Structures are given as C-alpha cells and as structure tokens.
Amino acid sequence: MVEMRKLRVGLDVNDQGALLATLHVRPVLVERIVTAQFQDPLICTLRLEVENGDRTDYSVRNDGALMVGTRLYVPNDQTLKREILEEAHSSAFAMHPGSTKMYYTLKEHYWWPFMKKEIAEYVSKCLICQQVKAERQKPSGLLQPLPIPEWKWERITMDFVFKLPRTQNKHDGVWVIVDRLTKSAHFLPVRANYTLNKLAKIFIDEIVRLHGVPVTIVSR
C-alpha cells in the first residue's frame with residue numbers, strides 16, 4: 001500500500017560540538033488519523049479507560065494513538081475513511097482489487113467498526129470495476145418452451161418427494177409421474193434407498209405396462 005509520507009529533519013549538537021542531522025519519515029495519512037483520534041469523543045474515552053487499566057482489548061502507542069492489536073483505530077471520519085479506501089483501491093499501484101483482497105490488505109494497518117461491510121460497499125460502487133468485471137458464466141440463451149404433447153402419456157414429467165412419514169411397508173417417499181397433456185398422475189410409493197434397477201422395474205410395471213414407453217421425460 002502506497003501512502004504520501006512526510007519527511008522531518010532534526011538537528012542536534014553532540015558533546016564534541018558536531019552538528020548531527022536525523023531524518024524522520026512518517027506517513028501523512030497516519031498522522032492525520034492520530035490527530036483525528038484526539039478529536040473523537042469515543043476514542044478519547046477508550047484511551048482514558050486503557051490508561052486507567054479498565055480496558056485490555058485496546059492499547060495506547062507512545063504517541064498517544066489508540067491501537068487495536070497492531071492496527072490503528074480509525075475514527076468515524078468519513079473523509080479519512082474515503083482517503084484510506086481510495087488509496088487501497090484506486091491508487092496507481094492498487095489496480096482495483098476486489099473487496100476481499102482489499103479488506104485483508106487494509107486490516108493489517110487499520111481498524112474501525114463495520115470495516116469489512118464498508119469496503120464491500122465501496123468496491124460495489126466503483127464504476128471502473130463494474131465496467132471491466134469479467135463475466136464468469138456462459139451467456140444464457142432464450143428460454144426454450146417444451147413441445148406441446150399430441151397424445152396422452154407420450155410426454156411426462158416426474159419428481160420424487162422424500163422424508164415423509166414411514167408406512168407399514170417402510171416406504172418413506174412418493175414418486176410422482178404426471179402426463180403433461182391430461183395432467184393425470186401416478187403416485188408410486190418408494191423408499192429412499194431404492195436402487196436404479198429397482199426404480200426402473202417399478203417404472204416398467206406401473207407406467208410402461210399401462211401407457212407404453214414415453215417419448216420424453218422431464219425431471220427436476
């Protein structure tokens with residue numbers, strides 16, 4: 001993650017009278033977050049509780065910043081949050097990551113309530129992501145209606161209904177077979193553990209024997 005950083009130069013004189021220069025690099029955004037913390041009433045209250053030993057789920061850094069573990073607590077400042085999100089999503093090196101990847105990147109440095117939800121909402125509103133989002137499914141064609149039956153029991157539908165109360169013959173399901181033309185139906189008692197050979201025999205004995213071999217079978 002790339003941030004703008006502030007460069008500070010410190011000057012000092014040692015015991016021998018030599019001039020020493022020290023450089024301090026500090027992220028500008030982080031500094032603004034820490035400054036905003038001191039203006040947030042909730043964070044000020046939490047900081048005071050930590051300092052009094054009443055809270056152990058937060059900690060206070062040497063510069064007074066409130067931390068959640070190793071992460072910086074971001075105050076409820078919409079401008080700051082938006083800058084953080086834009087930096088992690090739209091900067092030159094971010095390349096518009098998805099919400100999950102963006103969340104795992106930001107959670108290493110920052111924390112605020114409902115952070116994951118706000119990241120997902122931000123990514124979902126990104127116009128660039130919507131324009132270049134790849135379609136992962138084949139385009140669906142037009143719906144194809146089923147042909148109209150011309151004779152009874154030539155075209156049928158079937159479905160199973162299981163987890164019914166067990167009968168005396170230990171049947172726990174019903175095999176529903178419907179003629180698409182007349183809407184007449186057979187309700188055949190079956191068991192959930194029936195094999196395909198068993199079901200085929202029932203179909204021949206109860207359907208083919210009475211109506212012949214169907215032309216088409218539609219099953220859900």
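Just so it is clear, none of the values below were taken in a lab; they were calculated from the coordinates. Keep in mind the model is a prediction, meaning the values are calculated, not measured. Glycine also receives a Cβ, built like all others from the backbone with ideal geometry; neighbour counts cover every protein chain displayed.
Would you report the distance distribution of C-alpha pairs in segment 155-219 as whole percents per 10 angstrom bin, up to the bin with the largest distance?
Answer for segment 155-219: a P(r) of 20, 54, 24, 2 percent.
Once the Cα gyration tensor of segment 36-131 is found, what semi-axes does its equivalent ellipsoid get, as square roots of 5 times the eigenvalues, in whole Å, sorted largest first?
They are 29, 12, 11 Å, listed largest first.
Using 0.36 nm per residue of separation minus the Cα-Cα distance, give me the extension gain between LEU181 and ASP57 in nm, one decimal.
37.8 nm
Starting at the first residue of segment 152-167, write each ³J(HN,Hα) from the Karplus equation 6.51 cos²θ - 1.76 cosθ + 1.60 with θ = phi - 60°, in whole Hz, x for Gly and Pro.
The phi angles translate into 5, 6, 8, 10, 10, 10, 8, 7, 10, 10, 10, 6, 8, x, 6, 7 Hz.
Would you mind ranking ARG220, ARG61, ARG55 by Cβ crowding within 10 Å, fewest neighbours first?
Lowest to highest Cβ neighbour count: ARG220, ARG61, ARG55.
For segment 155-219, give the share of DSSP beta bridges that are antiparallel, in percent and rounded to the nearest 5; count only bridges with both residues there.
Antiparallel bridges make up about 75 percent of those DSSP assigns within segment 155-219.
Starting from the 7 Å offset along Cα-to-Cβ, what nm value, one decimal, do you get for the label separation of GLU108 and LEU127?
Those two pseudo-labels are separated by 3.1 nm.
Please list, in order along segment 107-115, the HN-Hα scalar couplings obtained from phi with the Karplus expression 6.51 cos²θ - 1.76 cosθ + 1.60 (θ = phi - 60°), rounded to whole Hz, x for Gly and Pro.
Result, ordered by residue: 5, 6, 10, 10, 8, 7, x, 6, 4 Hz.
Give the order of SER91, SER219 when sorted by the count of other beta carbons within 10 angstrom, beginning with the fewest.
Working: SER91 13, SER219 9.
Taking fewest neighbouring Cβ atoms as first place, the list is SER219, SER91.
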